[in-house]
Amino acid sequence: MAIFGNLSDRLAETLANLRTKGKLTASDVDGTVREIRRALLEADVALPVVKDFTAHVRERALGDEVNRALNPAQQVVQIVNDELIRILGGQVRRIEFAKQPPTVIMLAGLQGAGKTTLAGKLAKQLRADRHAPLLVAADLQRPNAVQQLQVVGEQADTHVFAPEPGNGVGDPVRVAKDAVKFARDKQYDVVIIDTAGRLGVDAELMKQASNIRKATNPDEVLFVIDAMIGQDAVATAKAFQEGVDFTGVVLSKLDGDARGGAALSVAQVTGKPIMFASTGEGLDDFEVFHPDRMASRILD
Ligand code: GDP
């Protein structure tokens with residue numbers, strides 16, 4: 001994956017150097033941990049995450065499991081792999097559907113993060129899985145946001161619930177609430193609510209998202225974050241966590257060539273699982289996030 005290019009190369013080099021050693025000394029371990037730390041920081045991984053990661057690797061690498069191993073260096077590689085999986089959230093976490101339909105999924109995030117695109121991707125996947133999704137245009141901030149969702153809805157062959165044209169700017173909280181009722185009446189079993197985002201974190205918009213959340217009581221609130229956002233990832237994620245709170249994270253634009261730090265930081269700093277990864281503009285460029293596969297991609 002391009003986004004982890006440099007990090008992968010750096011880790012591969014560090015771990016290859018380690019493999020040339022037989023028994024590992026404490027100073028071999030320290031040197032390796034220092035290299036890993038540098039590689040993570042250069043990839044824009046947030047400092048607290050880097051510290052936590054390297055502390056775990058160091059502690060385990062100096063412990064018994066490595067001493068006893070037939071191939072100590074290989075054991076350290078395994079530890080780095082395990083710890084990557086851990087900071088990426090450990091387990092796969094899928095959508096939790098409501099016992100009583102409709103399941104309500106709300107999308108939140110900055111403008112341009114990839115929410116509208118994600119709404120289409122989710123709808124398409126849900127249809128393939130024999131669900132009956134409904135897309136809801138609750139982004140009434142940008143003039144063409146509703147239309148953009150309608151285009152995505154057509155591509156995903158999914159109905160879009162939107163305020164009537166000519167009805168002024170409209171109230172997104174009302175639209176979202178009406179949409180859930182509409183879904184219940186018309187037997188749509190999943191409601192996907194696209195909300196507005198600003199370029200930066202904005203108190204008024206956060207309040208609006210929070211009100212949509214209160215009014216619709218979603219089963220999932222997915223925070224969509226552009227993996228290219230770099231060092232801002234942590235502050236943005238925390239602002240959305242405080243302002244709206246969310247149940248899961250979606251990383252978008254993982255096909256880009258940024259440094260990947262956001263991807264490696266958000267699960268750990270928010271304590272919320274990364275549920276999906278978006279890897280392109282097309283509606284099929286989307287996958288369930290597997291922490292173990294991502295760790296392997298980074299270390300391959
Ligand atoms: P929103 O403002 O959060 O609704 O973001 P959009 O869904 O409108 O996406 C913003 C831009 O990013 C659009 O041009 C999308 O085509 C593009 N985009 C969204 N997801 C991805 C992705 O995973 N990879 C790439 N390369 N582009 C994406």
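Look at residue 228 and say whether it is open to solvent by 50 Å² or more (accessible area, probe 1.4 Å), more than 19 Å from residue 123 (Cα to Cα), part of a helix (DSSP H, G or I) and within 16 Å of the ligand (Cβ to nearest atom).
yes
Residues that are open to solvent by 50 Å² or more (accessible area, probe 1.4 Å) and either assigned to a helix (DSSP H, G or I) or within 16 Å of the ligand (Cβ to nearest atom) (or both) do not occur anywhere in segment 94-104. Residues that are more than 16 Å from the ligand (Cβ to nearest atom), among the acidic types (Asp, Glu) and over 22 Å from residue 184 (Cβ atoms) are absent from segment 127-135 altogether.
Residue count for segment 125-156 under the criterion of being at pLDDT below 95, open to solvent by 80 Å² or more (accessible area, probe 1.4 Å) and part of a helix (DSSP H, G or I): the result is 1. Residues that are in contact (Cβ under 8 Å) with a residue 40 or more places away in the chain and within 14 Å of the ligand (Cβ to nearest atom) within segment 280-298 comprise 281, 283, 284, 285, 286, 289, listed in sequence order.
Among the conditions (1) within 13 Å of the ligand (Cβ to nearest atom); (2) more than 16 Å from residue 276 (Cα to Cα); (3) within 24 Å of the chain's Cα centre (by Cα), residue 144 misses just one, which is (3). The single residue among 215, 235 that is assigned to a helix (DSSP H, G or I), closer than 23 Å to residue 146 by Cβ and open to solvent by 20 Å² or more (accessible area, probe 1.4 Å) turns out to be 215.
Quick check, is residue 119 at pLDDT 95 or above, within 11 Å of the ligand (Cβ to nearest atom) and within 30 Å of residue 268 (Cα to Cα)?
Criteria met by residue 119.
Going through (1) open to solvent by less than 10 Å² (accessible area, probe 1.4 Å); (2) in a helix (DSSP H, G or I) one by one, residue 45 falls short only on (2). The single condition from (1) within 16 Å of the ligand (Cβ to nearest atom); (2) in a helix (DSSP H, G or I) that residue 81 fails is (1). Among the conditions (1) without any contact (Cβ under 8 Å) to a residue 60 or more places away in the chain; (2) within 15 Å of the ligand (Cβ to nearest atom); (3) under 21 Å from residue 52 (Cα atoms), the only one that residue 238 does not satisfy is (2).
The single condition from (1) surrounded by fewer than 16 Cβ atoms within 10 Å (Cβ to Cβ); (2) modelled with pLDDT of 95 or more that residue 63 fails is (2).
If I ask for residues that are open to solvent by 40 Å² or more (accessible area, probe 1.4 Å) and part of a strand (DSSP E or B), which ones from segment 252-287 would you list? Correct list: 287 only. Filtering segment 191-200 for residues that are within 16 Å of the ligand (Cβ to nearest atom), touching a residue at least 60 places away in the same chain (Cβ under 8 Å), over 16 Å from residue 105 (Cβ atoms) and outside any loop (DSSP other than H, G, I, E, B) leaves an empty set.
The values are calculated or read from the model by the stated rules, or taken from the named source; none is laboratory data. None of the values given here were measured: they were computed from a predicted structure. Cβ coordinates were reconstructed from backbone atoms using ideal geometry, including for glycine residues, and neighbour counts include every protein chain displayed. Heavy atoms of the whole protein, side chains included, go into the accessibility calculation; ligands, DNA and RNA do not. Shrake-Rupley method; radii C 1.70, N 1.55, O 1.52, S 1.80 Å.
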